[in-house]
Amino acid sequence: MSGTIIAIGAGVAVLTGIGAGIGIGKATAAAVDAIARQPEAESKISKNLLLGCALAEATAVYGFVIALLIVMML
């Protein structure tokens, strides 16, 4: 019984990847739209996009690490 609960907890922790994927997709779409409207601001937009994508991806990695810890420690 407790093994099933551990597996469910690990699965829920990994679901953070879905949110990160959606966030990165929306940010990329907005950045492409902004670059299409103002091509001269491409360098500033790209820097901010990369920073935002890195932060969003970090949340997915944290969720994955938590899922691994749940499975390995319990």
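The values are calculated or read from the model by the stated rules, or taken from the named source; none is laboratory data. These figures come from a predicted structure and were not determined experimentally. Heads up, the Cβs are rebuilt from the backbone with ideal geometry, glycines too, and the neighbour counts pull from every protein chain shown.
Scanning segment 29-39 for any residue that is acidic (Asp, Glu), out of contact with any strand residue (DSSP E or B) (no Cβ under 8 Å at 6 or more places or on another chain) and without any contact (Cβ under 8 Å) to a residue 12 or more places away in the chain turns up at least one such residue.
The residues on offer are Gly25, Gly21, and the sole one that is under 26 Å from Phe64 (Cα atoms) and free of Cβ contacts under 8 Å to residues at least 24 places away in the same chain is Gly25.
Quick grid of which residues meet (1) among the charged types (D, E, K, R); (2) assigned to a helix (DSSP H, G or I); (3) surrounded by fewer than 12 Cβ atoms within 10 Å (Cβ to Cβ):
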residue: Thr4; (1), (2), (3): no, yes, yes
residue: Gly9; (1), (2), (3): no, yes, no
residue: Val12; (1), (2), (3): no, yes, no
residue: Ala27; (1), (2), (3): no, yes, no
residue: Gly52; (1), (2), (3): no, yes, no
residue: Glu57; (1), (2), (3): yes, yes, no
residue: Tyr62; (1), (2), (3): no, yes, no
residue: Ala67; (1), (2), (3): no, yes, no
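Candidates in segment 36-50 are the residues that are small (Gly, Ala, Ser) and surrounded by fewer than 11 Cβ atoms within 10 Å (Cβ to Cβ); of these, the one that is farthest from the chain's Cα centre (by Cα) is Ala36.
For every residue, the table says whether it meets (1) at pLDDT 95 or above; (2) in contact with an Asp or Glu (Cβ under 8 Å, 6 or more places away or on another chain).
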position: Leu15; (1), (2): no, no
position: Ala20; (1), (2): no, yes
position: Asp33; (1), (2): yes, no
position: Asn48; (1), (2): no, no
position: Gly52; (1), (2): no, no
